[in-house]
Amino acid sequence: MGIDLQNTIMDRIATWARINSPWAIHFNSGSCNGCDIEILATLTPRYDLERLGVKLQGSPRHADVLICTGAVTRQSFSRLQRIYEQMPDPKFVVAVGSCALSGGVFQGCYNCTGGIANCIPVDAYIPGCPPRPEAIIDGIVKLLHSLREGPDSTTESQAETENRRFA
Amino acid sequence: MSTTNSPLHQAQILLEPWMENFNQPEPNRLDVVIASQDLLSAAGALETNHWGYLAAITGLDHGVEQGSMEALYHFCTGPVTLTFRVSLSRENPVVSSLYEIIPAAIVHERELQEMFGILVENIPDPSHLLLPDDWPEGVYPLREGFDSAELAQDYQPDLTEKTDRQDGCFVIPIGPQHPALKEPEHFEFTVDGEIVTGASVRLGYAHRGIEKATEQRTWVQNLYLLERICGICSHIHATAYCLGVEQLAGVTVPPRAQAIRELVAELERIHSHLLWFGVAAHEAGFDTLFMYSWRDRETVMDILEEISGNRVNYSANVLGGVKFDITDEQKETIRSGLNFLDERLHHYMNVVTKDTAFLQRTRGIGVMTREQADQLGTLGPTARASGVERDIRVEAPYSFYNDYPIPMVVETAGDLEARFVVRLKELLETNKTIRDILDRMPEGDLKTRMPRRIKAGETISRVEAPRGELFYFIKSNGSDKPARIKVRAPTLCNMASVVTLAIGHQLADIPVILAGVDPCFSCNDRAVAVKPQNNGWQIWSWEQLRQHGIDFYQNKDLVKPE
């Protein structure tokens, strides 16, 4: 992630605030829509991502987390980079779906560059075609967990998962 | 058969002067060979006699050895398809544009031009439709011999931003990243004060090159690729493909499998329409309705998950049948889910036809007359809301729609309200049909054997996707991989209406007019362009535009609908 989120007391306060209410922006870099409707479904009453403080934001300038889907078509390649550059630091990228991870079923298509990580740095990967809303929530919670614990602890222990589940 | 034959017979008489040769490969199809210089006159003869509509243009490259290419112009009416076959040389392929006769042809022609390098003469806008702006000159991805690995090596991405905005215009750019539509497209609306005077769309952000990819995969692998053209209507893409391939192979699918296909297709329609309903309500500034409809949509998602194991790409189809059966317990779950949905749909119907605030955003807005809808070649619920009777399930029943018929729902008002009403009424009919299927589901096998290699030939498969007619052209050369698959999704035909409808309307109405046709860009990714005019420009975000819409109607004097 490049930036120490726990350095000073102000950093710690900012990180605490960010973990409690990360603002997310969604970008479709040429996906089939499947992941996108599942991301939208996580915001609606059944799954309700907002109860974890996650708010979907319209502008990259207000966002902490870029939720990105699709196999990155040539046309959207530069757009994705520009959106990433427009976001203020510290910023985090979540790649959702098989295509966003590796190109998925579109691997070898002439207009796909294959995966978000070829274009911008990615912090969390959520596999699935498309991932279930529960998986998307889990991926975001894991990202928030890694923010709290520092960049090295990207995975949590089984006990911690249990704790979180029943907290 | 008389209904199938008579329009084709009529067409044959109309085209007599230009017809070089003809052939009837299937009972509902007529292939007519036309010289490229006669194309305009032949298309003109169909148009003046109101024979059908231009459904798609398919390009075919026969390779270096034969040295020829072909452009196929498919015209459809009811259950029949008429195809003009225009032979072209590979060195210097030129056709003339049909734009003057059929304005909707321009998108098909731009695609033909960039994908095959067939020069379309007199085309008003020869720019790229689907391929990126920095695409290398003289590289045509759907020609034989195109190598994607070579392209990836030589490709020089151009990262500078291009603007072709004319100075002195007030243009509002939207996208490709915007919070309202969940897909990347770029729109530019030119405005004069509050009134939109021009609109243009740049598509291709979701163009992945699937048609080319199908040629490198086997018939079975393609099923999974084509299912992922669109995450909303995945089943219908796979169904259209399966129907075509089965037709080529001469295989009949067992009745139970056909019934299950229709059942899943109709369940998918419920999920798709409810999804659209929520998004459209969101564009109209009615977020509560958005949340309610998406909550109710989870009912049908649960049903789909229970019967198929997946929420989105159900993967119900295999070549020659379906993958899973419907048990008696599942039938009960589906029935109780439908009962709940019926109740909610009646409630929504009340909301869209009686709610004062909502009606102000929909009644009399974005009106498209029957003539316009016909001329712009709109399809699906968008056309039916304007009184155009166009529904493949009724006109050309495929799969099991003969045994479990579904009535055509048509509204005549042509405004946004009608587009809401037509989709909700359609869902009520869909629910009835699903119950009908569950009550009288035939017994039997779930699939038959399919050969690994498919007989050489060409076929056309048309099905009714949630957004309108979906058109597949499939060509086999007898191997285990297809020679060409052409997909024409309904949004292409409906996008033309958005730009036309937008002009002359309040800026505030644009988001909901756009959502009104239920655009689905990943399905097809195409474009329409209209020249902007006026002076001075400023940038608004989509959110600001939406907020402006909400404020505008809040400040406007509330007029009570009678």
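The values are calculated or read from the model by the stated rules, or taken from the named source; none is laboratory data. Small disclaimer: the values here were computed from a predicted structure and weren't measured. Because the Cβ atoms are built from the backbone with ideal geometry, glycine has one as well, and the counts that use them run over all protein chains shown.
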B:Val318 meets each of (1) surrounded by fewer than 20 Cβ atoms within 10 Å (Cβ to Cβ); (2) at the interface with chain A (Cβ under 10 Å from one of its Cβ atoms); (3) of a type in the set (A, V, I, L, M, F, W, C) with one exception, condition (2)
Taking segment A:121-152, which residues are more than 13 Å from chain B (Cβ to nearest Cβ), part of a loop (DSSP other than H, G, I, E, B) and within 16 Å of the chain's Cα centre (by Cα)? A:Pro121, A:Val122, A:Asp123, A:Pro127, A:Pro151
Total residues in segment B:27-43, condition surrounded by 16 or more Cβ atoms within 10 Å (Cβ to Cβ) and not in a strand (DSSP E or B): 7
How many residues of segment A:51-60 are more than 9 Å from chain B (Cβ to nearest Cβ) and either farther than 29 Å from B:Arg297 by Cβ or part of a loop (DSSP other than H, G, I, E, B) (or both)? The answer is 2
Looking at (1) within 14 Å of chain A (Cβ to nearest Cβ); (2) surrounded by fewer than 19 Cβ atoms within 10 Å (Cβ to Cβ), which is the only condition B:Asp325 fails? (1)
Is it the case, given these coordinates, that A:Thr69 is touching an Asp or Glu at 6+ places or on another chain (Cβ under 9 Å) and buried (at least 20 other Cβ atoms within 10 Å of the Cβ)? yes
Report whether or not B:Thr459 is touching a residue at least 12 places away in the same chain (Cβ under 8 Å) and under 22 Å from B:Thr77 (Cα atoms). yes
Output the residues belonging to segment A:33-50 that are facing chain B (nearest Cβ under 7 Å), assigned to a loop (DSSP other than H, G, I, E, B) and not hydroxyl-bearing (Ser, Thr, Tyr). A:Asn33, A:Pro45, A:Arg46
Across segment B:195-209, which residue is surrounded by the most Cβ atoms within 10 Å (Cβ to Cβ) among those that are within 14 Å of chain A (Cβ to nearest Cβ) and farther than 12 Å from B:Glu185 by Cβ? B:Arg208
So, in segment B:362-418, how many residues would count as being modelled with pLDDT of 85 or more, under 18 Å from the mean Cα position of the chain (by Cα), part of a helix (DSSP H, G or I) and surrounded by 18 or more Cβ atoms within 10 Å (Cβ to Cβ)? 8
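Among the residues of segment A:61-77, write down those that are facing chain B (nearest Cβ under 7 Å) and either touching a helix residue (DSSP H, G or I) at 6+ places or on another chain (Cβ under 7 Å) or of a type in the set (Lys, Arg) (or both). Let's see the steps before the verdict.
Step one: list which residues in segment A:61-77 are facing chain B (nearest Cβ under 7 Å), which gives A:71, A:73-77.
Within segment A:61-77, A:Ala71, A:Arg74 meet the criteria.
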Please give the number of the condition B:Arg90 fails out of (1) under 26 Å from the mean Cα position of the chain (by Cα); (2) away from chain A (no Cβ under 14 Å). (1)
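Residues of segment B:484-515 being hydrophobic (A, V, I, L, M, F, W, C) and surrounded by fewer than 20 Cβ atoms within 10 Å (Cβ to Cβ), which ones? Can you show your working first?
Within segment B:484-515, the subset hydrophobic (A, V, I, L, M, F, W, C) is B:485, B:487, B:489, B:492-493, B:495-496, B:498-499, B:501-503, B:507-508, B:510, B:512-515.
If the condition is that a residue be hydrophobic (A, V, I, L, M, F, W, C) and surrounded by fewer than 20 Cβ atoms within 10 Å (Cβ to Cβ), then B:Ile503 is the only one that fits.
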Has segment B:121-132 got any residue that is within 24 Å of the chain's Cα centre (by Cα) and modelled with pLDDT of 85 or more? no
Do we find that A:Gln86 is in contact with a His (Cβ under 9 Å, 6 or more places away or on another chain) and either under 26 Å from B:Leu151 (Cβ atoms) or more than 8 Å from chain B (Cβ to nearest Cβ) (or both) in this structure? no
Being surrounded by fewer than 22 Cβ atoms within 10 Å (Cβ to Cβ) and touching a helix residue (DSSP H, G or I) at 6+ places or on another chain (Cβ under 7 Å) is the filter here, so list the residues in segment B:55-74 that pass it. none
Can you tell me how many residues in segment B:210-238 are among the aliphatic types (A, V, I, L, M) and at the interface with chain A (Cβ under 9 Å from one of its Cβ atoms)? 5
Scanning segment B:343-356 for residues that are surrounded by 15 or more Cβ atoms within 10 Å (Cβ to Cβ) and either on the phi > 0 side of the Ramachandran plot or part of a helix (DSSP H, G or I) (or both) gives B:Arg344, B:Leu345, B:Tyr348, B:Met349, B:Val351, B:Val352, B:Thr353
